[in-house]
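The values are calculated or read from the model by the stated rules, or taken from the named source; none is laboratory data. Predicted model, so just to flag it, every value in this text is computed and none were measured. Note: ideal-geometry Cβ built from the backbone for every residue, glycine included; neighbour counts use all protein chains shown. Calculation scope for accessible area: heavy atoms of the full protein, side chains included, ligands and nucleic acids excluded. Shrake-Rupley method; radii C 1.70, N 1.55, O 1.52, S 1.80 Å.
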Amino acid sequence: MARLSSKIFKTEKFGNQMRSIFISALLLLILGGNTVAQSKTAVSQADQLAILKAEDELRYDKMLADFLESRIPELRKRAALAAGRIGDEDAIPALTKLLSENDPDVQQMATFAIGEIESLDGALAVLLSISKRNFSAKAKAVEALGKIAAANPNDEFSKRLGAAILDVLALEAVKRSRPDTDVILLGLTAALRAKPEGAAEVIIKFLNDSDWRVRADALNSLSRLGAKNAFEEAKDLLERDENPIVRANAARILGTEENSQVWELILNKALNDQDLRVRINSIRALGSLKKVETADKLLGRSEILLAEYKKSKYKKPIVQNELLDIANVLGNILKGSANERAIKFLQEFRKLDGIKSREIEIALLRISPANYLKTSEAIAFTKTIRFKIGKNKTNFVGWQNLSNIAQGLGELADSEEHKSEAQERIEFLVKQKDKLPPISIPEIIIAFAKFKAVELEEVLSEFLNHEDLFIRSTAANLLGDIKPETPEKAAEIYKRLSDALWAARTDKLNDASLSILDALKKQYENRLPQTIKIAYMTPFLSAIGSPDYLIRRKAAEIYRGFNIPKPDPMTVGDPAFKAYEIPKDLGVVKFNKPEISLGNSRIVRADYKSAISRENGSARAILTTDKGEFTIQFFPEEAPLTVENYIKLAKSGYFNGLEIHRVVPNFVMQDGDPRGDGNGGPGWQIRCEINQIPYERGTVGMALSGKDTGGSQWFVAHSRQPHLDGGYTVFGKVNEEGMKIVDNLVRGDKILSVMIVEDQRYKK
């Protein structure tokens, strides 16, 4: 370890703060642990409130720094979690001291917090601590190194962190005594995040572990790393392992192997395994292998399932999930074949489904583009828009039909034979923009952009001014991808985006502004004239002053990434000059008035007391669906504001009647979107409250489009998902009895009602 430390100390990136942490860490190693007198007193309500407010305001200050040195272990532990959630690098020295704690809970939380901050400045102290005998947080240390390495992938020091992760795993693999399962599980995910060279060779050693979780996680990491050297082991596990998650994860790996023996095994599991999760992953693996002989076998299975679909008492039976995956695979295997049997199955399935599934549209189109364009549905579709939607917008087949058919037509953008006709239909839809349901427009303009029409820039610029912010967000993303032929044209696009950013300042949500900033960055970096780039700083400097902290943070990150030379003092009026006064933590501006609601719609001070008044087990939600009831048991001690937000929405009736808009078998079921397209929310965003609860089967988490963007969308994990740990707020759990209902839910089912039940002792 001393030799490794010496090399690290000489690393070019090793700054003054890191050297200071290095010296502190070495002293702590030599002198031993924290000698502060220990008191097990619980954290007072006043301190809980103060910490919760600091988290919600992303404010690391003297108060939290003092709490980190408190005589009360529980207070130090809670303050450490807050420091990690806030993400301020100023907390790293104080957290480093806690790595030599006598209290193992505090030590582990401090290590977890350093990982959440994701700064290389904290990595060395964690790395040095791993070798200490009295260090109880080894598993959390490995996890932290993986997060830090993943957040800094281009830094040379991250390679050293990846190597350290593999060293820890390799040591566990050869232990004669019982290995540390927590270290192995978190180490496997850390290796997945860090992606160090030689990771697969080390991870393979755990495929024979006696713990099914270790085998499953090792397979998960290998498949996500794209490993090619676990063929024999994965084959044996798919064939013989008793655990369905292990078999399902093994199928994912074998989908990359072109081998007849493997094909027969995977096909057998796709058709006959008793567990849906194994069948689904095996079906997807067959799609990767693209063996034509698969089609007839899958069609036989699909016809059996379709008969079950028709007989089911449910409008959306569970077999829909399996049928959609089969449809997707058939589209890949039978591309351009015009297979009549497949077309017949897909058209029948399409009719039952009501043209609501993009998988069916794309499969039909891939198998026979000519037939797709000639179908009665496609012809009626244009007439319906022309003659019905103008009179009565509700008298229409539905926005999902439009979106799905548009996605299908977009697939023909590269077809020499059918491009012209498909483009004509998409252009027709674009011209009907004032008559279309706004929710269908994003997919339509995405499809339109694929044809690279001459008028693309003009059309996207029009949509950049649309009243719907998600349409503007989509248009901005597409404009950012345009590569203008001249600097003048680039400047023109840049101005349109800049104007749109200014107009978006009154939006209730930040989606459009964030997309526009990304688009401006793309145009700025590659296409604007070099000699005038400095004059194009205004949009970023303006966004840096936004009241929404996510916009501030993104604008500041983008600006700093440009590395613009400091202007000559003689040009002090240059807009870039004042940017050099931007503080490092501008993305998390510290407010002087904590009672002010942050962003456009933060949870405000009045809710804090209610949020901390609950204990784990004191509140639950009973959800009634088309297929029965299940209960979410909340974890308010782990995620108080997230639970408060969910309860507030549920009591208002927000979730009642919402369609489940996303189901990925063996992954998640997701709900909470009033729009139904994955973009909807309540009109506000809440902070992430990342905690140490892992994503096991039944875990309930908040869906995000980026850090601190949660609102109302939530999901339930169908099975263990270790790569989600520490990235999405866990705020509840569905028990195994309830998961029997969740397993039966499909896209299009409804959450009919949500009833909140609270223990009166905790209800305020």
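How many angstrom lie between the C-alpha centres of the stretch 472-512 and the stretch 639-705? Centre-to-centre (Cα) distance: 30 Å. In the full protein context, the stretch 128-233 carries 43 Å² of accessible surface per residue, based on a 1.4 Å probe and ignoring ligands, DNA and RNA. Mean separation of Cα pairs under 8 Å and 6 or more residues apart, divided by the residue count, gives the stretch 90-226 a relative contact order of 19 percent.
Bridging of residue 554 to aspartates and glutamates at a Cα separation below 15 Å is possible for 511, 518, 585, 708, once same-chain residues fewer than 8 apart are set aside. Exceedance of the 29 Å cut-off in Cα-Cα distance is limited, within the set 316/344; 311/733; 132/205, to 311/733. Taking all Cα pairs closer than 8 Å and separated by 6 or more residues, the relative contact order of the stretch 116-163 comes to 45 percent.
If you take the Cα centroid of the stretch 46-117 and the Cα centroid of the stretch 264-327, the two points sit 49 Å apart. Using R0 = 41 Å, the C-beta based FRET efficiency linking residue 637 and residue 242 works out to 0.70. Based on protein heavy atoms only, the stretch 660-764 ends up with 34 Å² per residue of surface accessible to a 1.4 Å probe. Within the shell defined by Cβ-Cβ distances under 9 Å, the residues around residue 278 carry a net charge of +2, with Lys and Arg each +1 and Asp and Glu each -1. Checking the Cα-Cα distances for 435/707; 77/609; 235/313 against a 26 Å cut-off, the pairs over it are 435/707; 235/313. The HN-Hα couplings worked out from phi for the stretch 441-446 by the Karplus form 6.51 cos²θ - 1.76 cosθ + 1.60 (θ = phi - 60°) are 5, x, 5, 5, 6, 5 Hz, whole numbers, x standing for Gly and Pro. Here the accessible area of the stretch 412-555 is 49 percent carbon and sulfur, with a 1.4 angstrom probe and all protein chains present. Split the accessible area of the stretch 255-311 by element, probe 1.4 Å, and carbon with sulfur accounts for 43%.
In terms of its C-alpha gyration tensor, the stretch 400-461 has an oblate overall shape, because the principal axis ratio a/c (a ≥ b ≥ c, square roots of the eigenvalues) is not below 1.5 and a/b does not outweigh b/c.
Charging the Cβ of each Asp and Glu at -1 and of each Lys and Arg at +1, and nothing else, the dipole of the stretch 693-764 about its Cα centre rounds to 160 debye.
For the stretch 112-153, the fraction of 1.4 Å probe accessible surface lying on carbon and sulfur atoms is 41 percent.
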